[in-house]
Amino acid sequence: MKTRRISVLVFLLGVATTAQAARVGDVTGIDWTDQAARFLSLRDPAVRHAVAGAVLMGVCCGVLGAFVVVRKMALVGDALSHAVLPGVALGFLWNLEKDPLAIFIGATLAGLLGTAVVRALTATTRIKEDAALGLVLASFFAVGACLVTMIQRLPAGNKSGVDKFLFGQAAAIGPEDLRLMGLVTVLVLGLLALAFKELLVASFDRGFAQSGGLPVRWVDRGLMLLLAFTVVIALQAVGAVLVSAMLITPAAAAYLLTDKFHRMLWLAAIFGVAAGVLGAFISFIGPNLPTGPFMVIAASGIFTGAFFLSPRYGVVARWWRQRDRSARTRRENTLKAIYRVAEEDEFSRDGVTFMQLAQRRKETVAEARVQVRELVRHGLATSNGDTAYFTPEGRRRAAEIVRNHRLWELYLTNTANIASDHVHEDAEKIEHVLGEDVVRELERRLNYAERDPHGRRIPSAADIHRHGGRSGEAGAEQR
Amino acid sequence: MSGLIPEFDFQRVVISPWTADLGAFGWIMLMGFLVAAACGLVGNYLLLRRLALMGDAVSHSVLPGLVIAFLLSQSRGTGAMFAGALIAGVLSTVIIEFIHTKTRVKQDAAMGIAFTTLFAIGVVLTSLYASRIDLDADCVLFGEIAYVPLEPAVEVRGVALAPAPVLRMGAVLLGVVVLIAAFYKELLVSSFDAGLARSLGLSPALAHYALMAVLSIVVVSAFESVGAILVIAMLILPGSTAMLLTTRLPRVHLLSVLHAALSAVLGTHLGLWLECSIGAAMVVAGTGLFGLAWLLSPRDGLLHRLLGAMPATAPAHAAGPAGGHTGPESAARQ
């Protein structure tokens with residue numbers, strides 16, 4: 001716990017020193033190394049504001065995004081973020097200048113109106129939720145687009161920077177914006193902390209929440225309100241078009257890395273901040289680069305990293321585990337084959353020759369040699385060049401696999417009434433995954449039978465443990 | 001504030017687009033109609049299959065394909081444009097599938113991640129190479145339908161026929177109509193009953209990808225005129241309006257074409273009056289028509305509900321099989 005907190009702190013410090021952004025559109029023809037140095041030194045107040053804005057935006061979006069992702073509300077977030085545009089325009093029209101408070105109120109109202117319309121459409125017509133979301137998203141955005149193009153026609157509108165709300169411009173964040181963003185961040189985090197348990201229950205187990213008397217609909221509405229606030233304060237940095245990405249992508253990356261929700265919240269906030277600051281930095285070093293798209297690309301980079309490298313859910317880890325499992329299955333099949341050969345001789349001889357093994361598996365001797373070498377490498381067998389001998393551990397594993405196979409065959413024929421010549425294929429697959437508990441239960445249900453449907457002997461627990469050995473590799477891996 | 005809404009000049013707003021300025025506004029209205037009709041017809045099938053938001057995803061995703069095609073071919077040729085859009089559109093569906101089948105991220109989030117990323121890449125490329133591809137960031141969002149009459153006209157034997165985008169859009173609409181007519185039954189069956197479709201030997205996956213390919217083509221040819229976001233409205237609004245008024249698919253198609261025509265004409269007037277983006281105004285007009293239908297629809301209408309006829313009819317159509325929206329779950333999940 002403590003080490004994680006510290007690592008988060010170190011990370012944030014690192015981000016703070018690598019980060020600074022601003023004044024993208026204003027500077028042209030400046031060497032990018034100078035710009036980078038200006039950004040990194042944090043000397044410029046515009047840079048400081050941009051970085052602070054990106055950090056606040058990242059925290060809010062990441063934390064609320066975690067709820068968006070686990071509640072499968074990604075497309076609601078998308079609709080909400082487009083629907084705020086007319087509110088931004090109206091907020092601007094309030095007194096024809098970029099007044100953060102007026103824009104904040106207008107945009108929040110427009111966002112909430114949008115979600116209300118979605119609810120009304122799905123409640124009163126047969127229009128499905130996805131179509132209703134698309135309708136609200138596009139038609140609100142069209143109204144906003146009309147207003148924005150009308151504002152740009154006005155003498156005051158031309159330099160208003162209202163178009164900066166489309167793709168974001170971190171450099172345009174001023175101290176007043178920052179104050180508002182800080183206030184909203186405190187509000188969001190405070191409410192989350194206060195109602196964390198309620199939100200958690202309402203998100204993960206609605207039935208339980210309802211039966212516990214929790215006003216689930218009000219919790220949902222509260223979450224929607226916080227979401228609208230967050231979208232609105234993120235507008236300046238990311239822009240209306242891509243806010244939804246900052247809600248979804250950092251949280252989805254966190255979702256791939258952990259199963260614990262509170263850890264997911266932390267990670268999502270960190271990823272949001274990292275993406276925000278990185279995007280601000282990149283858009284700062286070149287002239288005329290919009291901030292939002294770079295933040296989104298940075299977030300997608302983080303997601304791609306988690307997608308491939310996550311220890312539990314990453315593509316690489318899954319691929320590796322699959323490879324591992326199929327290698328173990330191959331080893332176990334070799335062990336089983338050796339056991340069967342030895343069994344035919346009634347265990348009279350010590351070893352099994354490669355020739356016998358190859359005949360048993362209808363393969364070449366060379367192939368059999370490769371398989372035995374694999375067993376030797378894992379300490380399951382020894383070999384003297386043409387004969388394989390079980391180690392105690394190998395004998396135990398082999399007996400276990402054969403027992404699993406035969407028990408399952410017997411279970412299928414006795415209990416599921418499947419013909420005894422049809423059960424082999426199924427048992428071939430399941431023998432590798434049966435856990436010790438299931439095996440005990442099977443033995444009990446089958447009255448500790450000694451013979452399988454084909455009349456062959458089922459190795460008993462006593463057989464297996466006589467051959468000694470600690471808990472086997474399969475046992476360890478299944479747990 | 002006073003300068004925001006210009007005075008309503010009847011001559012300028014209503015008369016002149018049909019008389020003196022018909023040469024320009026005729027093309028704008030025709031283009032608006034062609035875009036909305038083609039989008040609306042394809043959109044009807046998206047609505048039936050509960051894929052409305054796939055339109056959202058594809059319309060955002062075609063941008064990088066379009067920009068890269070422009071940059072590589074150094075031209076705005078139709079072929080390069082369609083190829084770029086097709087590749088990007090199909091790529092986005094593949095990425096979405098990849099993310100949500102390989103990890104535990106759900107489909108909605110996978111969609112959100114994939115299309116925002118592609119769109120962000122497209123916007124960055126647009127702003128880096130703005131001078132070379134004559135697209136700017138605003139145009140990416142709203143399009144510039146007002147520039148359509150300024151495009152060089154295609155000439156056949158010395159006679160100026162029509163501006164190139166209008167001809168292209170007309171061809172796309174014609175293609176969509178022909179495809180729907182040719183595969184009407186297949187589309188119908190695979191949209192409503194994936195099981196039956198499979199038993200008839202139709203592949204639901206093939207139908208899905210074919211629909212996505214057509215969607216990409218339609219979206220990209222509409223892109224210059226209405227941009228990435230307004231096109232979503234063009235896809236969803238006509239069908240949603242029509243489905244409030246009728247449940248028979250042929251009538252839904254007819255009504256959505258009518259909706260397209262009305263919103264193109266009304267939107268042009270609205271845009272002229274308010275002096276705002278005409279593409280956005282067309283969508284606002286279409287939204288107005290949708291609002292009217294929502295208010296007055298004989299079945300789902302708000303007025304109808306207010307007048308108290310609700311208890312008698314609500315269970316009937318809730319259970320009825322007729323609904324245009326009862327697309328099969330399996331199609332929706334694809």
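May I ask you to rank A:339, B:129, A:411 by accessible area, largest first, using a 1.4 Å probe over the protein chains only? Provide the component values of the computation, followed by the final result.
Numbers: A:339 20, B:129 75, A:411 50 Å².
Reading off the accessible areas and sorting them downward yields B:129, A:411, A:339.
Among the trypsin sites (Lys or Arg not before Pro) in the range A:297-369, those located in a DSSP loop and surrounded by at most 16 other Cβ atoms within 10 Å of their own Cβ are A:312, A:349, A:362.
Overall size of the protein assembly as shown from C-alpha positions, given as principal axis extents largest first: 109, 67, 66 Å.
Helices in chain B that qualify as membrane-span-like (whole DSSP H runs, Cα extent of at least 30 Å along the helix axis, mean Kyte-Doolittle hydropathy of 0.5 or higher) are B:22-48, B:52-73, B:78-102, B:107-128, B:249-274. Here the range A:270-313 was treated as a single set of alpha-carbon atoms; its pair distances binned every 5 Å from 0 give 6, 26, 25, 18, 12, 7, 3, 2, 0 percent. Shown for chain A are the DSSP H helices of 20 Å or more along their axis, judged by Cα atoms, with a mean Kyte-Doolittle hydropathy of at least 0.5: A:2-18, A:45-70, A:100-124, A:129-153, A:175-194, A:216-238, A:243-257, A:261-285, A:291-309.
Against the empirical curve 2.2 N^0.38 Å, the C-alpha radius of gyration of chain B lands at a ratio of 1.03.
Taking a straight Cα-Cα cut-off under 20 Å and skipping sequence neighbours fewer than 8 places away in the same chain, the lysines within cross-link reach of residue A:429 are A:336, A:362. Under 24 Å of direct C-alpha separation, and excluding same-chain neighbours fewer than eight residues apart, residue B:185 reaches these lysines: A:128. Using heavy atoms of the protein chains and a probe of 1.4 Å, the accessible area assigned to residue A:425 is about 120 Å². Here the scattering of chain A is modelled by Debye summation over its C-alpha atoms, one equal scatterer each and no solvent; at q = 0.06, 0.10, 0.11, 0.13 Å⁻¹ the log10 of I(q)/I(0) is -0.46, -0.80, -0.87, -1.06.
Using alpha carbon coordinates only, what is the Rg to Rh ratio of the range B:184-262, with Rh defined as the Kirkwood radius? Can you show the working numbers first?
On the way: Rg = 14.5 Å, Rh = 14.1 Å.
Radius of gyration over Kirkwood radius for the range B:184-262 works out to 1.03.
Accessible surface of residue B:290, taken over heavy atoms with a 1.4 Å probe and every protein chain present, rounds to 10 Å². Here is the list for the range A:339-422: GluC sites (Glu not before Pro) lying in DSSP coil, each with at most 11 other C-beta atoms within 10 angstrom of its C-beta, are A:346.
With every protein chain kept in the model, how would you rank A:420, B:191 by accessible area, 1.4 Å probe, largest at the top?
Output order, biggest surface exposure first: A:420, B:191.
Out of every Cα-Cα pair that the range A:173-213 contains, those further apart than 15 angstrom amount to 56 percent. Cα extents for the range A:182-329 along the principal axes, largest to smallest and rounded to whole angstrom: 54, 52, 21.
Protein heavy-atom accessible surface, 1.4 Å probe, per residue over the protein assembly as shown: 43 Å².
Beyond 18 Å, what share of the Cα-Cα pairs of the range A:336-440 is found? Please give it as a whole percent.
Value for the range A:336-440 (Cα pairs over 18 Å): 53 percent.
Partners of residue A:197 within straight-line reach, counting lysines whose Cα lies under 27 Å from its Cα and excluding those fewer than 8 residues away in the same chain: A:2, A:72, A:260, B:106. Are there trypsin sites (Lys or Arg not before Pro) in the range B:151-203 that DSSP puts in a loop and that have at most 15 other Cβ atoms within 10 Å, and which ones? The qualifying sites are B:157. With 10 Å bins beginning at zero, the pair-distance distribution over Cα atoms of the range A:390-453 amounts to 23, 55, 20, 3 %.
With only alpha-carbon pairs counted, each pair once and no self-pairs, how large is the Kirkwood hydrodynamic radius of the range A:336-379 in angstroms?
Numbers: mean 1/r = 0.0945 Å⁻¹.
Roughly 10.6 Å, rounded to one decimal.
The values are calculated or read from the model by the stated rules, or taken from the named source; none is laboratory data. Given the structure is predicted, the values throughout are model-derived calculations rather than measurements. Note: ideal-geometry Cβ built from the backbone for every residue, glycine included; neighbour counts use all protein chains shown. Only protein heavy atoms, including side chains, enter the accessible area calculation; ligands, DNA and RNA are left aside. Shrake-Rupley method; radii C 1.70, N 1.55, O 1.52, S 1.80 Å.
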